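To start, the structure itself, in structure tokens.
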Amino acid sequence: HDTFKHYEYYIHDFAYANISLHLIVILYQTINHQFLGAAEADCELMDISLAVIENLESHFQICFHTQERQEINKLIYENLCLARADSEQELIQIVGQQLYQTTIEMIEKLNRHYGLHLERNALLYPLSLHLKNLLARYQNGSYLKNPLLDSIQKSCPLLFECGLYIAQHLNEEYRMEISEDETAYLAMHIGADIERQNANNKKLKCILLCPDYYNSQNDIYQYLLANFDSQIHIVSVCSREEHIPAEDFDLLFTTVETAHSYPHTVLIPPFKNAVNLKTVFNQIQEKMDQKKLKILSEHFTRFFQPELFYLQTEEAEDKEALIYRLYQLLKDKRFVNHYFYENVLKREKAA
């Protein structure tokens, strides 16, 4: 966690849990000399990956082999919330056009077959990278053990069924047999996306409009999420105004003036150190209050009816008589039973 913070990378809870779990597996295998198999050609590791590896090696007094180092690098790369306009094209270059299309098809088929609402853009990146690594492991004759296999099979049968569906699809496409352990990892990706959606439903749906000069787009993206993750969910990052999605959103963060007007726009500087967090917080809070008020106004009549409001214009009544009058209004509409009046009086006395 400290390493991610030091390198100013935002990582949400589910990705952090995913990284932690995979690292535990790799550590267990390394400490017990159960190596993953033949390594691929050596690749350059990210600075953040090197820092994590050095910390783990120092703490556990171990030395990772090339294969383990590459696995950790891939693992961290998968889970970083990268926000670049060319991310899909970059993804195709990394995993290849065939695997990219296969992953899209699998997500769409899972949604149709199981009635899910998996978000293609959110799941495409981590799942396709995972599948690329899975294919590499299969070709090398190795696989990852999953300590949560039994738990997922017993407690999350639908998720495991989704993992089996992906495994079957891969078998048909690539003629490869997927182990139960690897199938459980596939199920975890589906579960993580469902959990992420549940967490994001309460947040403001936001767009970030920011031309990508000197990686400023990713810096701003990471900075906003690091400070306002509990309140906002950035669903899209755009370099140009015409790339803003047509779908509804709550808030537009932009570093440039826009030609069109939007319901709620927050203009911020293009450099994170110049962002006034207090101003941004106030504007987010204002929009959240507006959203709550809108929900209340849309559903108000479901809970309140004009005929159930009583305006007292005469001399003040006795408290119990007034409560009884209100109780009669509810009882006449069959909203309450005959025990209700006694229970209200008990509540009044207790208070």
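The values are calculated or read from the model by the stated rules, or taken from the named source; none is laboratory data. Please read all numbers here as calculations on a predicted model, not as lab measurements. Neighbour counts run over all protein chains shown; Cβ positions are idealised from the backbone, glycine included. Keep in mind that these areas ignore ligands, DNA and RNA; they rest on the heavy atoms of the full protein, side chains included. Shrake-Rupley method; radii C 1.70, N 1.55, O 1.52, S 1.80 Å.
Numerical summary
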item: Residue list for the range 309-350, filter: in contact with a Lys or Arg (Cβ under 9 Å, 6 or more places away or on another chain), open to solvent by less than 90 Å² (accessible area, probe 1.4 Å) and not acidic (Asp, Glu); result: 310, 337, 340, 341
item: Neighbours by Cβ (under 9 Å, 6+ apart or cross-chain): first from the range 255-272, at pLDDT 90 or above; second small (Gly, Ala, Ser); result: 255/216; 268/274
item: Evaluation of residue 187 against (1) surrounded by 18 or more Cβ atoms within 10 Å (Cβ to Cβ); (2) more than 22 Å from the chain's Cα centre (by Cα); (3) not charged (D, E, K, R) (one fails), failing number; result: (2)
item: Every pair of residues 6+ apart whose Cβ atoms lie under 6 Å, when the first sits in the range 221-235 and is aromatic (Phe, Trp, Tyr) while the second is open to solvent by 20 Å² or more (accessible area, probe 1.4 Å) and assigned to a helix (DSSP H, G or I); result: 223/272
item: Members of the range 172-183 that are open to solvent by less than 50 Å² (accessible area, probe 1.4 Å) and more than 25 Å from the chain's Cα centre (by Cα); result: 176, 178, 179
item: Any hit, the range 97-105, residues being more than 27 Å from residue 170 (Cα to Cα), at pLDDT 85 or above and open to solvent by 20 Å² or more (accessible area, probe 1.4 Å); result: no
item: Residue 165 being open to solvent by less than 30 Å² (accessible area, probe 1.4 Å), more than 30 Å from residue 27 (Cβ to Cβ) and either assigned to a helix (DSSP H, G or I) or in contact with a Lys or Arg (Cβ under 7 Å, 6 or more places away or on another chain) (or both); result: no
item: Hey, residue 64 surrounded by 18 or more Cβ atoms within 10 Å (Cβ to Cβ), over 20 Å from residue 182 (Cα atoms), at pLDDT 80 or above and under 21 Å from the mean Cα position of the chain (by Cα) or not; result: no
item: Residues (in contact (Cβ under 8 Å) with a residue 24 or more places away in the chain and either within 30 Å of residue 252 (Cβ to Cβ) or of a type outside the set (A, V, I, L, M, F, W, C) (or both)) located in the range 148-176; result: 153, 161, 163, 165, 169, 173, 174
item: Within the range 198-220, tally of residues that are in contact with an Asp or Glu (Cβ under 7 Å, 6 or more places away or on another chain) and touching a residue at least 60 places away in the same chain (Cβ under 8 Å); result: 1
item: Top-ranked residue in the range 125-144 [being under 25 Å from the mean Cα position of the chain (by Cα) and in contact (Cβ under 8 Å) with a residue 40 or more places away in the chain; ranked as nearest to residue 179 (Cα to Cα)]; result: 144
item: Of all residues making up the range 13-37, the number that are open to solvent by 60 Å² or more (accessible area, probe 1.4 Å), modelled with pLDDT under 75 and more than 30 Å from the chain's Cα centre (by Cα); result: 2
item: Members of the range 125-160 that are surrounded by fewer than 16 Cβ atoms within 10 Å (Cβ to Cβ), of a type outside the set (A, V, I, L, M, F, W, C) and assigned to a helix (DSSP H, G or I); result: 139, 150, 151, 154, 155, 157
item: Flag if residue 279 is closer than 22 Å to residue 217 by Cα and without any contact (Cβ under 8 Å) to a residue 12 or more places away in the chain; result: yes
item: Residues of the range 277-308 classified as more than 30 Å from residue 231 (Cβ to Cβ), open to solvent by 70 Å² or more (accessible area, probe 1.4 Å) and not acidic (Asp, Glu), total; result: 1
item: Some residue of the range 320-328 being part of a helix (DSSP H, G or I), β-branched (Val, Ile, Thr), farther than 26 Å from residue 218 by Cβ and touching an Asp or Glu at 6+ places or on another chain (Cβ under 8 Å); result: yes
item: Answer from 122, 83 - the residue that is out of contact with any Gly (no Cβ under 9 Å at 6 or more places or on another chain), open to solvent by less than 10 Å² (accessible area, probe 1.4 Å) and at pLDDT below 80; result: 83
item: Breaking point among (1) modelled with pLDDT of 90 or more; (2) assigned to a loop (DSSP other than H, G, I, E, B); (3) under 26 Å from residue 102 (Cα atoms); (4) not polar (S, T, N, Q), for residue 186; result: (2)
